[in-house]
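The values are calculated or read from the model by the stated rules, or taken from the named source; none is laboratory data. Quantities reported herein were computed from a predicted structural model and do not represent experimental measurements. All Cβ positions, even for glycine, are placed from backbone atoms using ideal geometry, and neighbour counts span all protein chains on display. Surface areas here come from the heavy atoms of the whole protein model, side chains and all, with no ligands, DNA or RNA. Shrake-Rupley method; radii C 1.70, N 1.55, O 1.52, S 1.80 Å.
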Amino acid sequence: MSTENEGTAVPAVPPAPSSAPPAPPAPPVTSEEPAAPAPAGEPAAPQAEPTAKSLTAEPAPTHATPEAASVQETSVQETASAHHQPAPEAHEPVTAPLPGGPVHADPYGGAPATHAQAPVGGWPTPPPALPAYGGGGGGPVWGAPVPEPQRPRRRGGLAAAVLVAALVAGGVGGAIGYWAADREDGSGGSTTVSASDTPKDFKRDPGTVAAVAAKALPSVVTIQAEGSDGEGGTGTGFVYDREGHIVTNNHVVASAANSGRLTATFSNGKKYDAEVVGRAQGYDVAVIKLKSAPSNLVPLALGNSDQVAVGDSTIAIGAPFGLSNTVTTGIISAKNRPVSSSDGANSKASYMSALQTDASINPGNSGGPLLDSRGAVIGINSAIQSAGSGGFGQSQAGSIGLGFAIPVNQAKNVAEQLIKTGKPVYPVIGATVAMDEKGQGAKISQQASGGTAAVVAGGPADKAGLKPGDVITKFGDTVIDSGPTLISEIWTHKPGDQVQLTYKRDGKEATVTVTLGERTGDS
C-alpha cells in the first residue's frame, strides 16, 4: 500500500485569506505517539484510512472479467473525482463526509476539511465540525490530524494504483478464504472434488455424438484439389469401399479432374494421392480413388434416405474453411427440397431433391457425410443457402442454418454407375422446360436450345402425348412449381421407372403415365 503514494510530494497548503486568522497548527501524530485523546466522556473516533485503501475498501476478485474491470475502472474514476471537489470556502462550517472515507484539504487553495464522520452502526455521534480557519475557539481536534494536502493525480495513474490495490486485496481475501476452508475441513487438502474414479478407458454410450464422431472420423478425408493453373480448393469425402473409392461432390474435384493433383488426408494425418474415377456434374457427385490405398480402410455404413423423417438428428463432418475433422450437429429440417446449385466455376447447374438440415455446413464441408444418430450416411453435404449469396450454392458468407445434402440413395446409384463405367446416367422425359418461371408449374418450352424441338420425337413425353406449352403441375406425388423442381424430382428415379404425371393444357388438367428414358454422360 505504501508504494502507491511514492513520488507524490506536494506543496504546502496555501495561506488562508488575510481576513481570517491563521489556523492553529495541529500537532503531528507519529507511530511512537498516540493520537490526541478525545474530550472527557466521549469515545475516540475511528482512525481514518489511507486514501488508496479507502478507494479499494471493497476488494475486487482476482479474476475480474473485462466487463467487471470496466465497471471497476469507472467507479474508481468517479471516486477520484470526488476527492478533487472544491472544499467549502472560509468561514463556512465543513459538512461531515460520508462514512468510511477521509476528506483531504483542497489542493487548489480551499480550506482543509475535517475528518469527522457521520454516525455509522454503533459509533457515537461526533461533535459538530469546526469552522475552517477561524470563527471557532480552537477546540480539541476530533480524530486524527488533517494530513498534508496531496497533489491531484491523473486518472490513469490513479486507476492503475487502485487496480493494484484491488488485486492485492483480492489475493488476501483468497488466502483468508482458503485458510477458513482448510480449518473447517480439517484435512488440509484441496477443497475441490476430482472425478478420480473415472476409468482411463471411459467410453461414450452408443448413439451419442461423441461415439458416432469417434467411429466415423477415421473414414472421412479432407480433399485438396489443385488444377494445372494452381487454382483449387478444399473439400471433404468419405470412404465408400475397401478398394479405396472415395465419394465426394463433383465441384470439389472439378478443378483437378483433367490435369491437376488430388490428395486425400485422413484424420490421423496420413495423406494419399488420388485420381478421379468419374464425375456426374448434374448430380454433383464424384468418385475418386486412392493411389496405394491402405488395406485397413473402413467404409462408412450407408443408411436409407427414404426413411429419414423431419426432426431426426443429424451429424455433419467436414473441413469448413479448411478446418479438417470438424463435427457439427443438427436435425433434418425438411425433405425433398428442390435445390439448384453451382460453384460459379461454370454455367451448368446441379439439381437435387435435397435433405435440408440446420447442422452447420460451410465451404469445405462439401462432399462430406451427413450422418444419422446411428452413424450411417444419409446424405452428402453439397450446398448452402447463404445470406450473402442471394441464392443456393457455395458462398464464402458461411452457414445460416440452411444446409442441403444429396440423399444417399441417389448418391449410391450414381456412385455405382461411375465406378462401373466412369459416366453418369440420367433419367429423362424427353422434353425441355422453362427454368426461369416459378409458381404454376414447369412449362414445356416452344423449342429447345439451338432451335431444336422442345419435345423429342419418340421420347417419353412424346409417347405420353405432351406438347409444347403444357404446364406440368405434378410428378408422382410431388407438386411441381418450376422447371428445376421437375428436374430434381426426375433425377430421384431411375431410367425405366413409370411415373404418373399431371399437366394442364388450355385450362384443363389431365394425368398420364410416363416411362422414363435415359441419357448417358453430361452434355
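Computed values, structure above
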| item | result |
| --- | --- |
| Surface per residue (accessible, 1.4 Å probe) for region 235-307, Å² | 43 Å² |
| Note, ³J(HN,Hα) from phi for region 474-483, Karplus 6.51, -1.76, 1.60, rounded to Hz, x at Gly and Pro | 8, 10, x, 9, 9, 6, 9, 10, 6, x |
| Selected from Gly303, Ser341, Met352, residue furthest toward positive end of dipole (region 236-352; charges at beta carbon) | Ser341 |
| Theoretical gain in end-to-end length, Val310 to Asp241 [0.36 nm per residue, Cα-Cα removed] | 22.0 nm |
| Residue-wise HN-Hα coupling along region 366-383, computed from phi with Karplus coefficients 6.51, -1.76, 1.60 (Hz; x: Gly, Pro) | 3, x, x, x, 9, 9, 8, 5, 8, x, 8, 6, 10, x, 10, 4, 9, 8 |
| Accessible surface of region 448-523 [probe 1.4 Å, protein heavy atoms]: carbon and sulfur percent | 47 percent |
| Members of Lys289/Lys348; Lys423/Lys463; Lys291/Lys412; Lys348/Lys412; Lys270/Lys348; Lys335/Lys420 lying beyond 32 Å, as alpha-carbon distances in this model show | Lys270/Lys348 |
| Solvent-accessible area of Phe202 with every protein chain in place, 1.4 Å probe, in Å² to the nearest 10 | 110 Å² |
| Region 417-523, dipole about Cα centre (Lys/Arg Cβ +1, Asp/Glu Cβ -1), debye to the nearest 20 | 200 debye |
| With every protein chain in place, region 236-344: carbon and sulfur % of accessible area (1.4 Å) | 42 percent |
| Unit charges on C-beta of K, R, D, E only; dipole of region 216-296, Debye | 260 debye |
